[in-house]
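Only one structure is covered here, and it is reproduced in the block below.
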């Protein structure tokens, strides 16, 4: 599995907007302003072409306008469990919004301040006397992210105690001095979750229930454990011609940085409650959405044409999720996926474009037969690139693999052209497939088939 698919893709990737065939949905009364047929067509296409599995919810003024689920919550050799709008997903770093909310609740209760320093709770952390709660919330503490540990992939599926994780965090020197710059670190929010526990004397799970989920009626939101399919919890998958199980991070590891399980409908309800001041005061909301270096405290700004939303995204194992709220429209949108080929960001762009009546062309996917791929198979090398790339196939999907790296499925976009959108890779074969040009991040590399 690629490193960037780990805990929240190291829970790092920002949303940037502007810039199987089993489907279920719930019937609701839709206002005329929402183009339900076009939204249905988008998710029909993704499901029919096996490009995504997941669930979406759109809510305005607290009323659920649209909800849809596609694909499967569980896949094995003997069973497929259809995803529904009640299927629950690991939401990765959207957990950070919940953690930040609880921190601001404690601040409002006088039990903490933004200027409180970390040495009051964890004096062993480097620079603890200089690191404030504000630094932790804003990701400018300089604390090294424990998910960047070189051995992370070897232990992320095994249980760890809170002390184990804190020891991993403490052993690293600071990446920079507090307040010097912004750098996303999961350690910041793991520590904030720990601080909430120490102040309240309760577990993170208990605090989440008492302070947020029970308070606003989130029945499908809680701290996750070992995935239980019988409880409508989904497993996550990677696609390489077919869906295969992704590794399952032990949920003792992410803590306040990424341990929550939820549904899109619950997430929209949460962010609506947050912005309607049912959880914190207007002063706290103003501080949370005060953007510096592109980030606020527990949320960031999401541009979409002339509009601005606030929210967060998340990723853990094969799960990805996004949650956004447009204050001027009182609109909340959430999408959770347990398997993606077509990027989540592109799906969200489609959903918002359709909702706001922007020009938007539904994606079309070229269908190829297995035999159509045969001419592309083989090993290719380049004078401009140190790695060789080998192409194989799984059924009707072309699969690439660079030397020493994981396989990546390619999507046919035009004749002789394929993409791997998650990494921004475009590959164009010549008509005989004896060579191809790879384009990525502004670079262009010619590869020739080895005989």
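The values are calculated or read from the model by the stated rules, or taken from the named source; none is laboratory data. The model shown is predicted, which means the values in this text are computed figures rather than measured ones. Cβ sites come from the backbone with ideal geometry, for glycine too, and all protein chains shown count toward neighbours.
Here are some residues: 310, 319, 326, 300. Which one is modelled with pLDDT of 95 or more, within 22 Å of residue 352 (Cα to Cα), touching a helix residue (DSSP H, G or I) at 6+ places or on another chain (Cβ under 7 Å) and in the same structural domain as residue 357 (by TED's automatic domain parsing)?
Numbers: 310 fails: touching a helix residue (DSSP H, G or I) at 6+ places or on another chain (Cβ under 7 Å); 326 fails: touching a helix residue (DSSP H, G or I) at 6+ places or on another chain (Cβ under 7 Å); 300 fails: touching a helix residue (DSSP H, G or I) at 6+ places or on another chain (Cβ under 7 Å).
After applying the criteria, what remains is 319.
Applying the selection to segment 429-443, what residues are within 29 Å of the chain's Cα centre (by Cα), in a strand (DSSP E or B) and over 20 Å from residue 342 (Cβ atoms)? Talk me through it step by step, then tell me what you get.
Initially, segment 429-443 is screened for residues within 29 Å of the chain's Cα centre (by Cα), giving 438-443.
So of that shortlist, the ones also in a strand (DSSP E or B) come out as 438-440, 443.
438, 443, listed by residue number.
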Original post:
Within segment 89-106, is even one residue surrounded by 23 or more Cβ atoms within 10 Å (Cβ to Cβ), in a loop (DSSP other than H, G, I, E, B) and assigned by TED's automatic domain parsing to the domain that holds residue 259?
Top reply: yes
Original post:
Within segment 42-55, is there a residue that is over 25 Å from residue 240 (Cβ atoms), assigned by TED's automatic domain parsing to the domain that holds residue 189 and crowded, with 21+ Cβ neighbours inside 10 Å?
Top reply: no
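Condition (residue is closer than 20 Å to residue 365 by Cα, touching a helix residue (DSSP H, G or I) at 6+ places or on another chain (Cβ under 6 Å) and surrounded by 16 or more Cβ atoms within 10 Å (Cβ to Cβ)) applied to segment 396-411: is it met by at least one residue? So that I can check it myself, show each step before the final result.
As a first pass, look at segment 396-411 and keep what is closer than 20 Å to residue 365 by Cα: 396-400, 408-411.
Checking the rest, the ones that are also touching a helix residue (DSSP H, G or I) at 6+ places or on another chain (Cβ under 6 Å) come to 396, 398.
Okay, now just the ones that are also surrounded by 16 or more Cβ atoms within 10 Å (Cβ to Cβ), so 398.
Yes, segment 396-411 has at least one match.
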**OP:** Go through segment 232-261 residue by residue and tally those that are in a strand (DSSP E or B) and either closer than 16 Å to residue 193 by Cβ or not assigned by TED's automatic domain parsing to the domain that holds residue 156 (or both).
**Re:** 2
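Taking the conditions exactly as written (at pLDDT 95 or above and touching a strand residue (DSSP E or B) at 6+ places or on another chain (Cβ under 6 Å)), does residue 276 satisfy them or not?
Numbers: at pLDDT 95 or above: yes; touching a strand residue (DSSP E or B) at 6+ places or on another chain (Cβ under 6 Å): no.
So residue 276 fails the test.
Which residues, taken from segment 363-378, are surrounded by 14 or more Cβ atoms within 10 Å (Cβ to Cβ) and over 25 Å from residue 46 (Cβ atoms)? Can you show your working first?
Step one: of segment 363-378, the residues surrounded by 14 or more Cβ atoms within 10 Å (Cβ to Cβ) are 363, 365, 368, 372-373, 375-378.
Those that are surrounded by 14 or more Cβ atoms within 10 Å (Cβ to Cβ) and over 25 Å from residue 46 (Cβ atoms): 375, 377, 378.
Step by step: first the residues of segment 294-308, then only those that are more than 21 Å from residue 103 (Cα to Cα) and more than 17 Å from the chain's Cα centre (by Cα), then the one that is surrounded by the fewest Cβ atoms within 10 Å (Cβ to Cβ). Which residue is that?
If we filter segment 294-308 for residues that are more than 21 Å from residue 103 (Cα to Cα), which is where we start, we get 302-308.
Next, from what is left, pick out any that are more than 17 Å from the chain's Cα centre (by Cα): 303-308.
On the way: 303: 13, 304: 21, 305: 12, 306: 7, 307: 16, 308: 15.
Step by step, filter segment 294-308, then rank; the result is 306.
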